Amino acid sequence: MTPELTALTLAIILQAVQFVLMAIPANLELGPAKTMSPRDRARLGGALEDQLSDRAARLYRALNNHFEGLILFTAAVVVVTLSEQSTGFTAACAWVYLAARIVYVPAYAFGWRPWRSFIWFTGFAATILMAIAALV
């Protein structure tokens, strides 16, 4: 397995860990009647995210943010892997992405400003640089 695919696999596992980190406090705060419901806003009195504590809502947003970032990262890894363009540089980009995503979770949960944005940009830049490297 290439380093990029290994980092992708670990990013997928990170996504599962993030889900658990968000789901446990959300279920404790809202109760199963709400979290297991069809989540119709009108019946719940608004979006579930708006009913969470600040930290649980941040974990929810960090989870969704990782879904968005994981799409681009997955595409970059697939391009690098299928085109057999894996290099030390693309491997480093993959590990930087993963490290940034790991650090991003507590950065978002604890409201580290402006560091959260810098951490996010580091992972985004690593993804884009990996894709560019596959072109050259």
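Observations
- Mean separation of Cα contacts under 8 Å, 6 or more apart, over the residue count of the chain: relative contact order %: 32 percent
- Using just its DSSP H runs of length 4 or more, each adding -39500 (n - 2.57), the chain gives a mean residue ellipticity at 222 nm of -27000 deg cm²/dmol after division by all residues.
- In the chain, the alpha-carbon atoms span a convex hull of 111 Å³ per residue.
- With the simple spin-label model, which puts each label point 7 Å out from Cα in the Cβ direction, the L135 to T35 separation comes to 4.3 nm.
- Net length available on complete extension from I12 to F89 is 25.6 nm, with 0.36 nm assigned per residue and the Cα-Cα distance removed.
- Cα-centre dipole for the chain with unit charges at Cβ (Lys and Arg positive, Asp and Glu negative), debye to 20: 380 debye
- In region 72-135, Cα pairs under 8 Å separated by at least six residues give a relative contact order of 52 percent.
- Modelled FRET efficiency - R0 25 Å, T2 with F124, Cβ distances, 0.05 increments: 0.75
- Dipole-positive endmost among A7, T127, A42 within the chain (Cβ charges, Cα centre): A42
- Accessible surface of region 63-136, 1.4 Å probe: 76 percent of it comes from carbon and sulfur atoms.
- The label point for W115 and the one for Q51, both projected 7 Å from the Cα toward the Cβ, are 3.4 nm apart.
- Placing pseudo-labels 7 Å out from each Cα toward the beta carbon at I71 and I24 gives an inter-label distance of 2.9 nm.
- Between 0 and 90°, nearest 10: helix 88-109 axis offset from the chain longest Cα axis: 20 degrees
The values are calculated or read from the model by the stated rules, or taken from the named source; none is laboratory data. All of these numbers come straight from a predicted model, not from anything done at the bench. All Cβ positions, even for glycine, are placed from backbone atoms using ideal geometry, and neighbour counts span all protein chains on display. Note: areas computed on protein heavy atoms with side chains; ligands, DNA, RNA excluded. Shrake-Rupley method; radii C 1.70, N 1.55, O 1.52, S 1.80 Å.
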